[in-house]
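The values are calculated or read from the model by the stated rules, or taken from the named source; none is laboratory data. Given the structure is predicted, the values throughout are model-derived calculations rather than measurements. Virtual Cβ from ideal backbone geometry, glycine too; neighbours counted across all protein chains shown.
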């Protein structure tokens, strides 16, 4: 293999330009709504606020100005989350980047390098999107810090803004369900909290379907200028107008968690599955077993996850058997849970309610996504690594409202 520095595509400046010039996927809507800022250290501290509508008191011109306290401010502190991964390129691939007299091979290898680099960028962006989704829909999330210790960040969203509907009110089966009233109650709560009504709502197709097919909503629209035909042709626009939500968004973007099997799975027997990384798997999700040689798969429901033991338990053992280190499992989930309807006001009194706090990392105090490389000699090859460090922060804790509707 020729010297890595002689391959222009593998120079650090080129790699970083390659990664950063890729635009963030337009499908990742949450992280694009809020800005970023650089923090001085990885100890992220911010002040959350509830309410903001005080009045300056009347006083005599010759009297001292009364002292006012900061309204509902709470101090939050958390360590920035560090996320990174690397990809291996062997000497055959690297030499094809500069193989003499073969422009096509050079082009093919360069194209593959660009494709894989973009994949690393997308995966890194999706982790940021995941954090924003957890913050907005649940008010907290858990992640790993130094030495694999798990820590949690709680954004202090009031319990009155994280509402789980009673069984009789569930949007899919509740005998007394009333979708319009539930959203109006949310709007009233938001307005009473900080004077800002719901500006944005987001839901996956599973929730949109319940709303479109709800008899009470269809009855209301038949009496309006929209009519049921427009509801099916433009569901988010019609529902947004009906519910007085300026930006009603359908959001179905997904992420995938994939792991290699570290122990064999015996057909019709094994329910405790050993994987190389059990992080991010969730109870209730579907775990897909993939046979790489037969190109077949089976789906089972996850009933338990043990990250320390590296196991994912499924309710029913798969019918077929799967091999360790050859076959794998994966879980696909939507960023927005399929049982939640999320609402928020992105701006309160001219200020964004949230942003991403970028923390410094590495000896050069890098901020944001950064690419580096490591050359190995046995076997010959190179690792390309993508890193980032930071944490979403929420300044207006009561500007978020989430309904668990089924």
If you scan region 359-368, which residues turn out to be surrounded by fewer than 22 Cβ atoms within 10 Å (Cβ to Cβ) and touching a residue at least 12 places away in the same chain (Cβ under 8 Å)?
360, 361, 362, 366, 367, 368
Taking the criterion of being in contact (Cβ under 8 Å) with a residue 60 or more places away in the chain and touching a helix residue (DSSP H, G or I) at 6+ places or on another chain (Cβ under 6 Å), would at least one residue in region 202-210 satisfy it?
no
Of (1) surrounded by 15 or more Cβ atoms within 10 Å (Cβ to Cβ); (2) at pLDDT 80 or above, residue 61 satisfies all except one. Which?
(1)
Which of the residues that make up region 1-17 are touching a strand residue (DSSP E or B) at 6+ places or on another chain (Cβ under 8 Å), at pLDDT 60 or above and surrounded by fewer than 18 Cβ atoms within 10 Å (Cβ to Cβ)?
12, 16
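Each row is one residue, and each column tells you yes or no for (1) free of Cβ contacts under 8 Å to residues at least 24 places away in the same chain; (2) outside the structural domain of residue 48 (by TED's automatic domain parsing); (3) crowded, with 20+ Cβ neighbours inside 10 Å; (4) not in a helix (DSSP H, G or I).
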residue: 122; (1), (2), (3), (4): no, no, no, no
residue: 131; (1), (2), (3), (4): no, no, yes, no
residue: 135; (1), (2), (3), (4): no, no, yes, no
residue: 172; (1), (2), (3), (4): no, yes, no, yes
residue: 180; (1), (2), (3), (4): no, yes, no, no
Test result for residue 195, surrounded by fewer than 16 Cβ atoms within 10 Å (Cβ to Cβ), outside the structural domain of residue 128 (by TED's automatic domain parsing), in contact (Cβ under 8 Å) with a residue 60 or more places away in the chain and under 30 Å from residue 160 (Cβ atoms)
yes
Matching residues in region 64-106 (under 24 Å from residue 123 (Cβ atoms), exposed (fewer than 15 other Cβ atoms within 10 Å of the Cβ) and at pLDDT below 75) number 0
Selected residue [within 30 Å of residue 233 (Cβ to Cβ) and either under 20 Å from the mean Cα position of the chain (by Cα) or surrounded by 14 or more Cβ atoms within 10 Å (Cβ to Cβ) (or both)] from 286, 270, 332, 262
332
Give, as residue ranges, the strands (runs of 3 or more DSSP E) completely inside region 238-290 that count at least 3 residues that are touching a strand residue (DSSP E or B) at 6+ places or on another chain (Cβ under 9 Å) and over 21 Å from residue 124 (Cβ atoms).
247-250, 272-274
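Matching residues to (1) assigned by TED's automatic domain parsing to the domain that holds residue 141; (2) in contact (Cβ under 8 Å) with a residue 40 or more places away in the chain; (3) within 27 Å of residue 25 (Cα to Cα):
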site: 272; (1), (2), (3): no, yes, no
site: 276; (1), (2), (3): no, no, no
site: 279; (1), (2), (3): no, yes, yes
site: 294; (1), (2), (3): no, no, no
